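Just below is one structure, and these are the notes that go with it.
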Amino acid sequence: MVIIFTFAEAIERIVYHQLSANMNKGNISNLLRKLKLMHLTDRVRYYVQSFKNKQANKAFLNANPDIKLPPDYLMYESFQINYEKYLIGGKEVAKWIVHNLRKYNDSETVSILDWGCGPGRVVRHMPELLGGQSTVSGTDYNAKSISWCKENLDNVDFNLNTLEPSLPYPDGAFDFVYGISIFTHLSEDMHYKWAGELKRVLKKGGLLFVTTQGDNFKKIMSPTEINQYDKGQLVIRGNVIEGHRTYSAFHPDSFMRTLFKSDTVLDVIIQDVKDGKATPQDAWIVRKDN
């Protein structure tokens with residue numbers, strides 16, 4: 001493992017530090033994509049992160065021996081390999097979502113769908129937070145994540161979906177649908193297709209809560225991408241498998257308002273960037289009007 005880490009860290013330093021002398025992060029990312037090295041680089045980063053978090057994760061397991069946690073790579077694909085942040089951070093995100101949705105619907109009994117639930121970081125907390133007779137569902141296109149969730153998480157109905165939008169739920173099945181950093185990994189065509197499918201399974205007056213990479217992310221864009229973004233166009237970093245964590249989309253305000261032009265945008269939550277913290281995504285709360 002030490003040999004793997006040393007090799008992985010060396011590559012990461014070359015890519016993200018030496019190249020950065022002449023290129024910003026956006027240009028580096030696009031170069032790796034053109035060279036078909038993005039998936040390899042991402043795998044290297046997985047090993048680096050795994051090694052760096054090894055001791056902290058071991059301590060967390062010793063203190064919480066009964067906690068069910070997904071395999072490291074499933075956790076990494078949807079978040080990062082930090083057990084405490086997966087569990088405690090996931091609950092904080094769940095509370096944040098519920099708090100904001102409850103501003104517009106405080107019914108005791110609601111139905112909610114986690115679109116792109118991954119290995120359950122957020123949705124595992126929803127039954128406790130919603131309480132009562134509320135129903136909780138989760139859907140994802142990663143078969144291994146859904147399999148793990150079905151075997152280990154209670155009180156949530158899990159479904160395996162495809163990249164193409166085709167959910168097994170009837171029209172108007174849910175009061176709430178949320179997706180945390182899911183549009184961020186889809187093409188423009190898939191934005192419109194999935195927006196339509198998510199609204200299909202929402203009740204009239206139902207609420208959609210999604211996060212996107214907005215203005216906070218201009219700091220990592222290339223000049224060409226910033227120019228495109230400032231024109232109100234969705235910025236896509238592709239040349240990798242769509243839906244994968246390395247496939248990235250950046251969302252100008254005007255693009256999102258066009259995406260939801262037939263509905264009502266109730267709120268756009270834009271969080272401040274804090275030193276030492278991950279760049280926060282914007283959160284859009286949209287009400288289905290028809």
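The values are calculated or read from the model by the stated rules, or taken from the named source; none is laboratory data. Since we're looking at a predicted model, the values are computed, not measured. Methodologically, a virtual Cβ is constructed for each residue, glycine included, from the backbone with ideal geometry; neighbour enumeration extends over all protein chains shown.
Give the stretch 38-52 a look and list any residue that's touching a helix residue (DSSP H, G or I) at 6+ places or on another chain (Cβ under 8 Å) and either touching a residue at least 60 places away in the same chain (Cβ under 8 Å) or over 11 Å from Tyr76 (Cβ atoms) (or both), or say none. Walk me through how you get there before you give the answer.
Going through the stretch 38-52, the residues touching a helix residue (DSSP H, G or I) at 6+ places or on another chain (Cβ under 8 Å) turn out to be 38, 41, 44-51.
Listed by number, the residues that qualify are Met38, Thr41, Val44, Phe51.
Answer yes or no as to whether Lys231 is exposed (fewer than 15 other Cβ atoms within 10 Å of the Cβ) and not polar (S, T, N, Q). First the steps, then the outcome.
Working: exposed (fewer than 15 other Cβ atoms within 10 Å of the Cβ): yes; not polar (S, T, N, Q): yes.
The answer is yes for Lys231.
From the list Arg237, Arg245, the lone residue that is of a type in the set (Lys, Arg), in contact with a Lys or Arg (Cβ under 7 Å, 6 or more places away or on another chain), under 22 Å from Tyr76 (Cβ atoms) and surrounded by 15 or more Cβ atoms within 10 Å (Cβ to Cβ) is Arg237.
With a requirement of 1 or more residues that are surrounded by fewer than 21 Cβ atoms within 10 Å (Cβ to Cβ) and of a type in the set (Val, Ile, Thr), the strands (runs of 3 or more DSSP E) lying completely within the stretch 125-190 that satisfy it span 135-140.
Just so you know, in the stretch 256-272 the residues that are touching a helix residue (DSSP H, G or I) at 6+ places or on another chain (Cβ under 8 Å) and within 23 Å of Lys231 (Cβ to Cβ) include one that is surrounded by the most Cβ atoms within 10 Å (Cβ to Cβ), and it is Leu259.
In the stretch 87-108, the residues that are within 18 Å of Gln133 (Cβ to Cβ) and of a type in the set (Ser, Thr, Tyr) reach residues that are surrounded by 14 or more Cβ atoms within 10 Å (Cβ to Cβ) and at pLDDT 95 or above with C-beta atoms within less than 8 angstrom, at least six apart or across chains, in these pairs: Ser107/Asp175. Just one of the listed residues (Ala283, Ala278) is over 21 Å from Asp114 (Cα atoms) and under 15 Å from the mean Cα position of the chain (by Cα), namely Ala278.
Residues are listed down the side, and each one gets a yes or a no for (1) buried (at least 17 other Cβ atoms within 10 Å of the Cβ); (2) modelled with pLDDT under 90; (3) part of a loop (DSSP other than H, G, I, E, B):
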site	(1), (2), (3)
Arg45	yes, yes, no
Leu61	no, no, no
Met75	yes, no, no
His99	no, no, no
Tyr104	no, no, yes
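For the stretch 125-176, the set of residues classified as small (Gly, Ala, Ser), farther than 28 Å from Leu266 by Cβ and touching a residue at least 60 places away in the same chain (Cβ under 8 Å) consists of Ser145 only.
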